[in-house]
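Inspection log for the structure reproduced underneath, given as structure tokens.
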Amino acid sequence: MSFATGNGTTAPLGLFAAATVGGVNLGIVTGGVSATPAITGDDVIDVFHKLAVSYRARASFVAGDGLIKLIRKLKSTDNQYLWQPGLSAGQPDLLMNRPLLVAEGGPAPLAAAKTLVFGDLKTYVIADRLGLAMQRLNELYAAKGQIGFKFNGRHDARLTDPKAIVQFKHGAAA
């Protein structure tokens, strides 16, 4: 969950929370003002084309389950769904012929919330510190005849290229 929405201070910088990389702003497409959080087919097309052509071949869409539900309902002018299920086992669902991935703990569609990311995810680097520290806590649980264990691990995440990621931000509430 922290890799989706973490603040970069007490948790890894989340993919949806990032705003700049090295002082350079990420590309953001903002949806229209609406009484309810919405996304249109035009918004998806705007997000797709906001990303530089050189990154599109490796790009994927990432969204929380709430937004994916809205995206699955989008239709083209000839009444065809834009979303396409993966045709083979283990293959991702597709949106505009690019993979559509579910972010566990991704943000829910809300007014002015960033809920869709499109880009080359190889530029989102996750670093895990090797080694996991374990501590056995005998005394703490001794009165109940139990033994406790405490595990500590360290990890962080950052975007490395601001041009490789575009975010969709819902419009303000009407």
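Rounded to the nearest 20, the Cβ-based charge dipole of segment 94-153 about its Cα centre (Lys and Arg +1, Asp and Glu -1) stands at 80 debye.
Mind sorting out which of (1) 180; (2) 165; (3) 254 is the real volume of the Cα convex hull per residue in Å³ computed from the coordinates? Here volume of the Cα convex hull per residue in Å³ agrees with entry (1).
A Cβ-based charge dipole, computed about the Cα centre of segment 51-157 with Lys and Arg at +1 and Asp and Glu at -1, lands at about 60 debye. Using just its DSSP H runs of length 4 or more, each adding -39500 (n - 2.57), the chain gives a mean residue ellipticity at 222 nm of -3500 deg cm²/dmol after division by all residues.
Go through Phe48, Pro92, Ser76 and say which Cα lies farthest out towards the positive end of the charge dipole of the chain; charges sit on Cβ, +1 for Lys and Arg, -1 for Asp and Glu. Selected residue: Pro92. With 0.36 nm allotted per residue and the present C-alpha distance subtracted, the Gln84-Val125 stretch has 12.0 nm of extension available. Pairs of lysines in segment 25-174 whose Cα atoms sit within less than 14 Å of one another amount to 4, provided the residues are eight or more positions apart or on different chains.
Exposure proxy shown here: for Thr115, Thr77, the number of other Cβ atoms within 10 Å sets the order, fewest to most, as Thr77, Thr115. Among Thr9, Thr40, the ranking by other beta carbons within 10 Å of each residue's beta carbon, starting with the fewest, stands as Thr9, Thr40. Along the axis of the charge dipole computed for the chain (Cβ charges of +1 for Lys and Arg, -1 for Asp and Glu, origin at the Cα centre), the listed residues Thr5, Gly148, Gly27 are led at the positive end by Gly148. This ranking places Ser60, Ser54 by how few other beta-carbon atoms lie within 10 Å of each, fewest first, which gives Ser54, Ser60. Within the listed set Ile45, Ile147, Ile126, the residue fluctuating most in the Gaussian network model of the chain (springs between alpha-carbon atoms under 10 angstrom) is Ile147. Note that segment 14-93, at 20 °C in a medium of 1.002 mPa s, gets a Stokes-Einstein diffusion coefficient of 145 µm²/s from its Kirkwood radius over C-alpha pairs.
Laboratory data are not the source of any read-out in this text; all were calculated from the coordinates shown. Because the structure is a prediction, the values reported are computed rather than measured. Positions of Cβ are generated from backbone atoms using ideal geometry, with glycine treated the same way; all protein chains shown enter the neighbour counts.
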